[in-house]
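One structure is given below, encoded as structure tokens.
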Amino acid sequence: MAKYTAIGGQALIEGIMMKSPEKTAMAVRKPDKTIDISYLGEKSLREKYKILRIPLIRGIAAYIESMKIGYKAMLKSAEISGFADVEAEEDEKKMTEKQKNVFFGVITAVGTVLGVILAVALFMYLPRLAVGGLEKLADIKFSKIARSGIEQFIKLAVFILYMWIVSFEKDMKRVFMYHGSEHKTIFCYEKGLPLTVENVKKQSRFHPRCGTSFLILMIFVSIIFSTAVQMIFPGVYEIGLLWVVVKILLIPIICGAGFEILRICGKYDNVITKIISAPGLLMQRITTKEPEDDMIEIAIAALRACEPETPDVDRSIDNENSKEEI
């Protein structure tokens with residue numbers, strides 16, 4: 001028997017965050033090689049507001065929460081692990097507490113704005129321009145489905161290329177190794193095996209509920225919604241800026257749908273879910289790497305720290321007729 005678990009995680013700087021329905025914990029390797037365990041005690045939006053538990057809506061809430069808590073955990077792991085270089089630390093010592101808050105606030109705000117602008121340019125406007133350029137170059141008018149497909153293919157290509165390039169960077173490679181240890185540890189837990197380094201090492205580093213799979217899945221889901229919008233409002237695609245705005249407004253809907261599909265893929269193991277999960281699992285060959293033993297120790301510590309008091313529901317992995325609530 002194996003466990004269906006709602007536990008998920010995120011690779012951090014020299015650490016891992018694990019989140020269960022009951023609590024969120026992070027384990028980080030300190031400069032003295034000991035493991036720091038801390039908890040992120042923010043109450044979930046879905047716990048506060050029942051409306052956010054409704055299918056589709058809960059996916060939007062989960063995405064916002066994961067972004068918020070993930071960013072907070074990443075900053076905290078950088079601090080605990082001593083990731084900041086000596087020069088930066090010396091500069092920081094010269095600042096007053098107020099100056100530090102202002103400085104980091106400005107840096108965060110500027111980084112967020114630039115990130116949003118870059119994301120819109122690369123994943124919204126560039127694909128739209130590319131499709132228009134191809135139509136003029138080939139002197140052809142693509143069908144609605146073809147236009148959506150080409151746009152999403154360009155998004156996918158840009159995303160894969162970006163992730164492939166950053167995977168060669170030393171620090172990112174270590175993050176991807178921690179990502180692999182997170183997946184392996186969750187698999188070990190789901191199989192009901194004792195959480196030991198040896199048991200975890202034997203597991204796969206490719207997990208169907210991974211955030212990477214979610215991002216890839218969103219690209220494919222967006223083809224369906226983009227095509228539907230073009231069929232309902234035929235002229236919207238011809239106005240470039242309006243189309244970009246529409247695509248931005250579609251993001252919450254696509255997130256909600258993608259979240260529900262990913263939950264199903266993580267809960268059931270059959271031919272259909274394997275086909276749906278396949279692109280994301282292939283992408284994980286870039287975003288996960290085989291971890292070192294000390295990284296696995298971090299993942300085990302994080303999972304043990306967040307393991308719910310009430311064990312997750314047992315199920316047979318091959319039971320395609322499971323009636324559990326999603």
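The values are calculated or read from the model by the stated rules, or taken from the named source; none is laboratory data. Nothing here was measured: the structure is a model prediction, and the numbers come from that model. Cβ sites come from the backbone with ideal geometry, for glycine too, and all protein chains shown count toward neighbours. For accessibility, only protein heavy atoms count, side chains too; no ligands or nucleic acids. Shrake-Rupley method; radii C 1.70, N 1.55, O 1.52, S 1.80 Å.
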In what sequence, highest mean first, do 232-243, 250-261, 193-204, 287-298 appear when ranked by Cβ atoms within 10 angstrom?
287-298, 250-261, 193-204, 232-243
To the nearest 10 Å², what's Arg58's accessible area with a 1.4 Å probe?
30 Å²
Cα-Cα longer than 22 Å, checked against Lys19/Lys68; Lys33/Lys173; Lys170/Lys289; Lys30/Lys173; Lys50/Lys72, kept in input order, equals Lys50/Lys72
How much accessible area does Val271 have with a 1.4 Å probe, in Å² rounded to the nearest 10?
100 Å²
Would you kindly compute the Cα radius of gyration of the range 118-200 and its largest Cα-Cα separation (Dmax), both in Å?
20.2, 62
Distance (nanometres) between label positions extended 7 Å along Cα→Cβ at Lys191 and Ile57:
4.0 nm
Karplus couplings for the range 161-169 from phi (6.51 cos²θ - 1.76 cosθ + 1.60, θ = phi - 60°), rounded to Hz, Gly and Pro as x?
4, 4, 5, 5, 5, 5, 5, 8, 6
Using R₀ = 41 Å, calculate the FRET efficiency as 1/(1 + (r/R₀)^6) where r is the Cβ-Cβ separation of Phe153 and Glu309; round to 0.05.
0.35
State the extension gain, in nm to one decimal, for the chain segment bounded by Ala278 and Leu242, taking 0.36 nm per residue of separation less the distance between their alpha-carbons.
9.6 nm
Looks like the range 194-256, by Cα gyration tensor root eigenvalues a ≥ b ≥ c and the a/c under 1.5 rounded cutoff (else prolate when a/b is bigger than b/c, oblate otherwise), is prolate
Between the modelled labels at Asp294 and Phe83 (7 Å from Cα along Cα→Cβ) the distance in nm is 1.7 nm
Separation in nanometres of the label points that stand 7 Å from Cα toward Cβ, at Ala6 and Ser167:
3.2 nm
Spatial separation of Cα centroids for the range 224-238 and the range 18-38, in angstrom
46 Å
